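Here the structure is laid out as structure tokens; the discussion comes afterwards.
The values are calculated or read from the model by the stated rules, or taken from the named source; none is laboratory data. Predicted model, so just to flag it, every value in this text is computed and none were measured. A quick note on method: Cβ atoms are made from the backbone with ideal geometry, for glycine too, and the neighbour counts reach across all protein chains shown.
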Amino acid sequence: MAMEAGNIVEGKVTKITNFGAFVELAEGKVGLIHISEVADVYVNDVHDFLNEGDAVQVKVINVEGNKIALSIKQVKPKPAESNSNQSFKQNRRGDFRKPPRQLSASFEDKLSKFLKDSDERLTDLKRKTDSKRGGRGSRRSD
């Protein structure tokens, strides 16, 4: 069976690293499950989810030459959300807004929120230090 993107295959975990796990597939080919493709939740350590020698079912994401990208989380069905039929809700004022986020936000959402908060804090800090210096680089001449 040729390795094509979208195929679901069986394999055996041969090595675990900081960035993911290597899986031996049929015909002696080896693919990589990146740490972001191990589980639907944040993965700090791959060892929490996989061990060497585990048999796993993986989906082939991409094949470039002899590099094969694999995913475990794309094999598992997505958990059904209660708001899946309704992407926008109407609030009390009549505005349409996105429904509130679920408790388990993705890594990208957490990173985006962190960067926004960090930028706001730096702006506030700069504003406060500028006011202590006399603002906009001006100096008093007494």
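Some notes on this structure:
Condition check ((1) at pLDDT below 90; (2) part of a loop (DSSP other than H, G, I, E, B); (3) small (Gly, Ala, Ser)) across all residues:
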site	(1), (2), (3)
43	yes, yes, no
56	no, no, no
75	yes, yes, no
79	yes, yes, no
104	yes, yes, yes
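- Residue within region 3-19 that is modelled with pLDDT under 90, within 13 Å of residue 59 (Cα to Cα), more than 17 Å from the chain's Cα centre (by Cα) and acidic (Asp, Glu) present: yes
- Applying the criterion of being in a strand (DSSP E or B) and of a type in the set (Val, Ile, Thr) to the residues of region 19-41, the residue that is surrounded by the most Cβ atoms within 10 Å (Cβ to Cβ) is 33.
- Scanning region 18-53 for residues that are over 26 Å from residue 109 (Cβ atoms) and out of contact with any Leu (no Cβ under 9 Å at 6 or more places or on another chain) yields a count of 9.
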